[in-house]
1. Report the net charge of residues surrounding residue 342, where surrounding means a beta-carbon distance below 11 angstrom and charges are Lys +1, Arg +1, Asp -1, Glu -1.
2. Is the shape of the chain rounded, prolate or oblate, going by the alpha carbon gyration tensor and its root eigenvalues a ≥ b ≥ c, with a/c under 1.5 for rounded and a/b larger than b/c for prolate?
3. Here are some pairs, 533/710; 174/194; 353/626; 194/242; 174/280; 531/710; which of them have Cα atoms lying more than 28 Å apart in this structure?
4. How large is the dipole of the chain about the Cα centre if only Lys and Arg carry +1 and Asp and Glu carry -1, each at its Cβ, rounded to the nearest 20 debye?
5. Over 5 Å intervals from 0, what percent of Cα-Cα pairs in the range 243-479 sits in each interval?
6. Shape verdict for the range 86-150, please, from the Cα gyration tensor: rounded (a/c under 1.5), prolate (a/b greater than b/c) or oblate.
7. Residue farthest toward the positive end of the dipole of the chain, with Cβ of Lys/Arg at +1 and Asp/Glu at -1: which of 395, 604, 728?
8. Any idea how far the Cα center of the range 434-509 sits from the one of the range 36-113, in Å?
Amino acid sequence: MSKKDKKRSTRGAAKGSQRGDRAAVIMQLFRSFPQRKFALKTLAAQSGGADREGRYQTKAIVYQMVEEGVVEATSASTFRLAARALPTVEGVAQMLASGSMYVVVEGVDKDIFVDRRNTSRALDGDRVRVAITRRRSSGDPEGQIVEVIERAERNYVGTIEKTRSHAFVRVASKNMPVDIFIDKGVDKLSDGDKVVVRIVEWEPESKCPIGRVVSILGKEGDNTAEMHAILAEFNLPYNFPKEVEQEAEQISDKITAKERATRRDMRDVVTFTIDPADAKDFDDALSFRVLENGNTEVGVHIADVTHYVREGSLVEQEARERATSVYLVDRTIPMLPERLSNELCSLRPNEEKLCFSAIFEMDSEARVVGSWFGRTVILSNRRFTYEEAQRIIEGEDGDYREEIVALNALARKMRARRFEDGAIAFDREEAKFHLDEEGKPLGVYFKVQKEANQLIEEFMLLANRSVSEFIGSKKGKNGKAKTYVYRVHEKPDEDKLARFANFILRFGYYFDARRGKAVAQQMNSLLSEVKGKSEENVVSILAVRTMQKAYYSTENKGHYGLAFPYYSHFTSPIRRYPDMMLHRLLAHYLEGGSSVDAEVVEELCEHSSDMESRAAEAERASVKYKMVEFMRERVGEEFDGSISGVTEWGLYVELEDTHIEGMVALRDLTDEFYAFDEEEYAAVGTRSGRKFTLGDRVRVRVKSADLRLKQLDFEMVGSYDNKGELWQMSNRLDGAPKTKSRTTKSTTTRSDKPFYEGIKRRR
C-alpha cells in the first residue's frame, strides 16, 4: 500500500470514528432530555461542531435514528426521542372526563398521568404499555402510552344520534370522551334510542372508534331503559338466560320423608320471619323456646339454597357469575331466578321449608353456652314486617309478643357487649325515594334503624361469627386451618387515622391514632360526642372514610369494624354467592371432609368481591340518577347544605333536607380566584384567604341537572358562620364587600363521598 493510500485510509477511519462518537453524543442528548425538541443545528453543535460537514453528519445520523424508530420528527427540522425508546411499564388505564388518563401500575405508589394528546387511543380499563417521559411540578410521573396491550372487554351505554347513512353513540360516561361511530345496522336504530354498544376497532387515522350495537334498551328517559342502562354500564345482567329460567322451573318443590329424616325437625318450634314490608324473598327466620334448665334456645334458620342449586348446574353457574343480587332504587336484580328466590327457597309462612341452621343455647345474659350447626326442616308461623315487630317491642299487643320481647332483650345485651369489645357504631340515615308508577321520584325519606332491625342484625351477626369460628378454629391433619370463606375487614391505615386525628383537632376533639381496640372505643366515644352538633356531619364522614373496605378471602384477618376475630357470611345465600360457598364448605366439613383447594376458593372470593363492588357502584348510580331527576324540576331554587367533599375542580355540597349531593365548580366562584389546598381539604381565596372546607354550612342554588351524565351542578349563594348568619357571595372580582343576612339553622347530614378525594384524583 502506498503512503497516499495509507493516509487516505487513516483519514477515513478517523472520520468513521468521529461519526460514531457524534452518534453516541446525539443519542445521549435525546435520552437525557426525552421531552426536549432538538434542532439539527443544535445537535451538530453539541456533538462535535456545526460546520458544514458536522451538520451533514448530524442530519444523516438523525435520519437514520428516525428510520429505526428511536427518534421522531416533531417538525421539518426538530426532533425528539420516541416514546418507545424509553423504559416502559405495564398498567391499567383509568380515563378522566377530560380525555387524559392515569395508568395504575401494580406495586407503584404513584399513578402515571397521561395527557389526552399522548393516550394513543387507549380506553378506560385497557392494559397498556407506558413510557415515563418527565416529572410534573408536583413530582408525580407523567408519561406517554406507547402500546395498547389488551383492550378491556366491556360494553358502553349511550344514546343514538342518527344521520341518513350512519349513527353515533353519545356515551353516558365521563370515562369515554369520544363518540362511537356506528356503520352497520343503522336502519334498525332511531334517534334517542338508549343502546349498549361494543367497540370493534379504532383505526389510527380515525377520531372515533367503530362500534356494534349489542342491544337496544329503549328510549332515553324511559325509567326501565335507564335502569337497565345503569346495569349495562357496570357489565351487570338485567335478565336471566332462557335456559337458566327453564332449569329453575324444573326443580321439584317436594320434600320427601327420606329428606326429612336426614334433618333436625324444628317444625313444632315457634318460628317467624322479620323483613322489610316490600320484601319478596325471606332467607332467614328465628325460632324461640325456653328449655327445661331455664336457658333459651334460639334458632337462626337460613334458606337451604344449595339443596336446590346443585354444583355444575346452569343455575349454579349463573349464580357464580353474578355473585350477588343488585338493589337499584326501584327494583331488585336477583342472583337466583324468582322460582328459587321467591318460591322454593323463600321461608314463607305456613309452608314447610328446608334450612341450614345455627341453633344456640343462651343463658339469661345472652351468652352462648352451646351451639349446633346443620340442616333442618322448619315451618314458619308468621311473617312480620319490621314495623309490626317494632310496635310489639314498643308495647303493643300482637302475635308472639313474649317471644319477640324476649329475643329483643337478648339482642340488646349482645349489642352492648359487642360495642364493649370494640365494635364501631356507624349508624347513618339511608335516603330513599317515594316513586310513582312510572318510577318518577316524588319525594325523599330516610330509612331509620330501630330495635326491630337491630334484633335481626344481632342474631345474624351471631350466626355468621359462630359458624366462622366453628370452622376457623379447627385444624386439619396438616395442622393448618381448613379452607373457608371469610369476610375480612382489616385495621385502619395508620396514616389515614393520623390525618383524621389532625383534622378533627380544629373542632376541639382529641383522637389517639394508635392501633388497637382503643381506637375503636375512641371512635365510638367521638361519634357519640358529636351527635347533634354542627360538626357531626364532617366528623362522621371522615370517620367512615378512614376505614378499610371489607372483602372476601380464604385468609382470615378478622373483622375490625365488628371486633370479631372470626367472621363470615352465612345468612343470605339467596342473594350472595359467598354464602352459598360457605354452606357447601360447612356441610362438607360437618361430614368429615378434608380441606378443599384454597386457590380455587380464593379465585371465587376475588370474583365475588369484585362483583359486590360493581353492584354497589350501580346502586349508587341509580340513586344519583333519581336525585338528579328529582332536582331537575327545582333548577333555580336555593337550598342549605354542607360541604361533603373538596377537589381541585370543585366543592361537593350535600343538601340538608334530602341528602342530595351536587357540585359547585371552583371556576364558578367569581368573587375571587380559589385554589385547592390538599393539606387543609379546602378551597382558599388567593386574595382574601377565605376558605371553603369540609363540613362548612353553605347555601346553594341549583344550576343544572344533567340526567345523561347523572350530574347535578350548584351555584354558591353564600356560607354560614357559627352563629347561623349567611355571608353572601359577591359576583365581582373587585373586592366589593359581601352582604350579610339572617337565616334559620338547619341540621347537617352525612355523605358518601370518599375521604381522600382531596388527595387522590377522582375518576
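Computed from the coordinates by the stated procedures, all read-outs in this text should not be read as laboratory data. The model shown is predicted, which means the values in this text are computed figures rather than measured ones. Don't worry about glycine lacking a Cβ; one is built from the backbone with ideal geometry, like all the others, and counts go over all protein chains shown.
1. Values: positive: 280, 339, 348; negative: 281, 283, 338, 343.
That works out to -1.
2. Details: a/c = 2.00, a/b = 1.62, b/c = 1.23.
Judged from the Cα gyration tensor, the chain comes out prolate (a/c at least 1.5, a/b above b/c).
3. Values: 533/710 32 Å; 174/194 17 Å; 353/626 38 Å; 194/242 23 Å; 174/280 36 Å; 531/710 32 Å.
Exceeds cut-off: 533/710; 353/626; 174/280; 531/710.
4. My answer is approximately 4700 debye.
5. Spelled out bin by bin, the range 243-479 gives 1, 6, 11, 15, 17, 17, 15, 10, 6, 2, 0, 0, 0 percent.
6. Working: a/c = 1.40, a/b = 1.17, b/c = 1.19.
Rounded is the answer for the range 86-150, as its axis ratio a/c remains below 1.5.
7. Most positive-ward Cα: 728.
8. Using only Cα atoms, the two centres lie 51 Å from each other.
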